[in-house]
Amino acid sequence: MKDFFLRNNAYHIWATNLMYASIDSLLDEDYKKDVGLFFKSIHGTLNHLLLVEKVWYSRLVGEIYIPSSLAEEIETDRQTLKGRMIQSLELWNSWLTGLDNSIWESKFRYKTMRGFEAELIFCDVIQHNFNHRTHHRGQITAAISQLGGESPEIDYVYYLQTKGK
């Protein structure tokens, strides 16, 4: 199970880097333009991704981070946000590497942002996080296309083919 999630995290690093290669070619006004995404712009959606990564990671390591909202802007600078996004994914990789194999089917208890107690199977929490990344990357790549940019091919199978797996 650990190898599966490490491979998935490596994919997310690869896909995020490819996505950013396309984002970097966008003008600032397009990057911050409201294009109808749930978090309005590419910038808003990237901020949301970083924020949620921080929320879940803090829960998993026994810390508490509660933002004011899921749309909170935690990084205003475009390049700094990019660096923090990649750094966050690399942090997940280090953390996943250190996990014991006995943890995957255990129960994980946490408090929701609304203050309710919740319980999920540990591996489902990790899978949720990966699905969340994929969901919003899909929105971002659609927005890149809508803005006339080159949308990268970031399907998981392309990652596996590039890595010879």
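Since every read-out is calculated from the coordinates, none of them should be taken as a lab result. For clarity, every value in this text was computed on a predicted model and none was experimentally measured. Note: ideal-geometry Cβ built from the backbone for every residue, glycine included; neighbour counts use all protein chains shown.
Seen from a random direction on average, the alpha-carbon convex hull of the chain projects onto 9.8 square nanometres.
Taking amide hydrogens as placed 1.01 Å from N in the peptide plane, the amide H of Phe108 sits under 5 Å from those of Leu120, Ile121, Phe122, each at least 5 positions away in sequence or on another chain.
The angle separating the long axis of helix 2-23 from the principal Cα axis of greatest extent in the chain is about 20 degrees.
For the stretch 15-44, the residues whose backbone nitrogen is under 20 Å from a point 7 Å from the Cα of Leu99, taken along Cα to Cβ, are 15-16.
Going from the residue with the fewest nearby Cβ atoms within 10 Å to the one with the most, Phe39, Phe130 rank Phe130, Phe39.
By the gyration tensor of its Cα atoms, with a ≥ b ≥ c the square roots of the eigenvalues, what is the shape of the stretch 95-149: rounded for a/c under 1.5, prolate for a/b over b/c, or oblate? Judged from the Cα gyration tensor, the stretch 95-149 comes out oblate (a/c at least 1.5, b/c at or above a/b). Listed values for the stretch 61-67 are Karplus-derived 3J(HN,Hα) couplings in whole Hz (6.51 cos²θ - 1.76 cosθ + 1.60, θ = phi - 60°), namely 9, x, 10, 10, 9, 10, x, and x replaces Gly and Pro. Taking a straight line from the alpha carbon of Lys107, these lysines sit under 23 Å away, with near neighbours fewer than eight places off in the same chain left out: Lys2, Lys54.
Across His132, His12, His48, mean-square fluctuation computed from a Gaussian network of the chain (C-alpha pairs under 10 Å connected) peaks at His132. Comparing mean-square fluctuations of Asn101, Asn129, Asn93 from a GNM of the chain with C-alpha springs under 10 Å, the top value falls on Asn101. The angle separating the long axis of helix 42-60 from the principal Cα axis of greatest extent in the chain is about 10 degrees.
Axis of helix 122-146 versus longest Cα principal axis of the chain: the two differ by about 0°, to the nearest ten degrees. Taking GluC sites (Glu not before Pro) across the stretch 82-160, the ones in a DSSP loop with at most 12 further Cβ atoms lying within 10 angstrom of their Cβ are Glu105, Glu150, Glu153. Straight-line cross-link reach from Lys32 at under 18 Å between alpha-carbon atoms covers these lysines, not counting any fewer than eight positions away in the same chain: Lys40, Lys82.
Arranged from fewest to most other beta-carbon atoms within 10 Å of their beta carbon, Trp95, Trp14 become Trp95, Trp14. Loop-located trypsin sites (Lys or Arg not before Pro) in the stretch 84-138 (DSSP state not H, G, I, E or B) with no more than 15 neighbouring Cβ atoms inside 10 Å: Arg114.
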